[in-house]
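Remarks on the structure that follows.
No value in this document is a laboratory result; all are computed from the given coordinates. Keep in mind that this is a model prediction, so the values were computed, not measured. Here the Cβ is made from the backbone with ideal geometry for all residues, glycine too, and neighbour counts use every protein chain on show.
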Amino acid sequence: MGAPGALTVTRRAVRDFLTERAGQLGDGEVFVGVSGGADSLALTEATAHVGQRLGLRVTALVVDHGLQPGSAEVAVQAAATARKLGAADARVLQVTVAGPGGPEAAARKARYAALRGALPAAGGLVLLGHTRDDQAETVLLGLGRGSGPRSVAGMRPFDPPWGRPLLGVPRTVTREACAELGVEPWLDPHNADRRYTRVRLREEVLPLLEDVLAGGVAAALARTAAQLREDAEALDTLAGQLLDRARTGRELDVAVLTPAAPALRRRVLRRWLLDAGVTELTDSHLRSVDALVGNWRGQGGVWLPGNFEARRSRGKLCVEP
């Protein structure tokens, strides 16, 4: 028996994903983020196919970033194609891309905000067309930036309200699925623009690694991410338990934290600081705050983003604006 066709692979991935989360689908509607590219179109068809059998209404959400001439027409065409592929409805969401971090980061922030804003008040699930190759690129970016295991662990398959059923599916399969459907995906010019780091990873770095290491690199990176996510989830559970024991109101009891391993303490501190409203935390910030526990010499407080200060007083850690 030959290998299953591309359509079968994408439909099976979506079926497994949705079936596993049948109790988390709310009122029977699921949303799909659609760009018009092969990944999102293959995902749309698979979701519509599976959704019909599971009694789910599928709505496509197309974000028009307005960054290229003719983007409005591309968005309208993507919505029309989504309907042809079985989506019960397709909506175009127009956004304004602005803000720090460069065009990639600003567009991503605007896109996710628009998708989240399109969900009903009761919440919902938005499926995204990230593939195994996207995961591999994310892992390489995390490695190159030294962002730590949380970043190298890559994207989560299920990170409400986001779902990524195709994280185990190669990008070539989504292209083949579109060919089987007779659909011509939109080719985003930005995906070939080597001014963007992710494009250079895709076009230069990964092919070189595949050549040097005799293939299988993308799959290996995705497996590494999955293994790190499992480890991270276990450590997050332990950190949550330690945080509960250490909390005394808005403060943390240093005596409870001190015996713990530094890596576990930093996870506790990260969650505590985020809960307090501190954002844009770096590893350096966390290590400096952890020194108030594990390397205490009577030092002063640690200044954090947002004009917060973490300090130690009378055996307690506190953080204040």
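Computed from the C-beta positions of Thr19 and Val76, the FRET efficiency with R₀ = 41 Å rounds to 0.80.
Kirkwood hydrodynamic radius computed over segment 153-262 comes to 18.2 Å, based on all pairs of distinct alpha carbons. From largest to smallest, the equivalent ellipsoid semi-axes obtained for segment 60-126 from the alpha-carbon gyration tensor read 21, 17, 8 Å. Rg/Rh, computed from the Cα trace of segment 226-270 with Rh as the Kirkwood radius, has the value 1.02.
The charge dipole of segment 87-134, taken about its Cα centre with unit charges on the Cβ atoms of Lys, Arg (+1), Asp and Glu (-1) only, comes to about 120 debye.
Taking every Cα-Cα distance in the chain and sorting them into 10 Å bins starting at zero, the pair-distance distribution P(r) comes out as 5, 22, 28, 24, 14, 6, 1, 0 percent.
With R₀ set to 30 Å, the beta-carbon distance separating Leu187 from Arg145 gives a calculated FRET efficiency near 0.60. Modelled label positions at Leu238 and Glu210, each set 7 Å beyond Cα in the direction of Cβ, lie 3.8 nm from each other. The modelled label-to-label distance between Ala98 and Arg53, using points 7 Å beyond Cα along the C-beta direction, is 4.7 nm.
Pairwise Cα separations in segment 200-299 fall into 10 Å bins from 0 onward with the following percentages, short to long: 13, 34, 22, 18, 12, 2.
Taking every DSSP beta bridge that has both ends in the chain, the antiparallel portion is near 45%. Using a simple spin-label model with pseudo-atoms 7 Å out from Cα toward Cβ, Glu309 and Thr8 lie 6.6 nm apart.
At an R0 of 25 angstrom, the distance between the Cβ atoms of Ala105 and Arg287 translates into a FRET efficiency of 0.50. Computed from point charges on the beta carbon alone (+1 for Lys and Arg, -1 for Asp and Glu), the dipole magnitude for segment 6-217 about its Cα centre is near 480 Debye. Amide hydrogen proximity for Gly163: with H placed 1.01 Å from N in the peptide plane, the residues at 5 or more positions away or on another chain lying under 5 Å are Val126, Leu127, Leu128.
Based on C-alpha pairs under 8 angstrom that are at least 6 apart in sequence, segment 1-160 has a relative contact order of 22 percent. Measuring nothing but how far apart in sequence close Cα pairs (under 8 Å, 6+ apart) lie, relative to its length, the chain scores a relative contact order of 15 percent.
Percent of Cα pairs in segment 191-233 per distance bin of 10 Å, from zero to the largest separation: 28, 36, 32, 5.
Put simply, the Cα atoms of segment 101-144 extend 38, 25, 13 Å along their principal axes, the longest span coming first. Secondary-structure-derived ellipticity at 222 nm for the chain, considering helices only, amounts to -16000 deg cm²/dmol, per-run term -39500 (n - 2.57) for DSSP H runs with n ≥ 4. Distance between the C-alpha centers of segment 185-258 and segment 105-123? Whole Å please. If we compute the Cα centre of each part, the gap is 22 Å.
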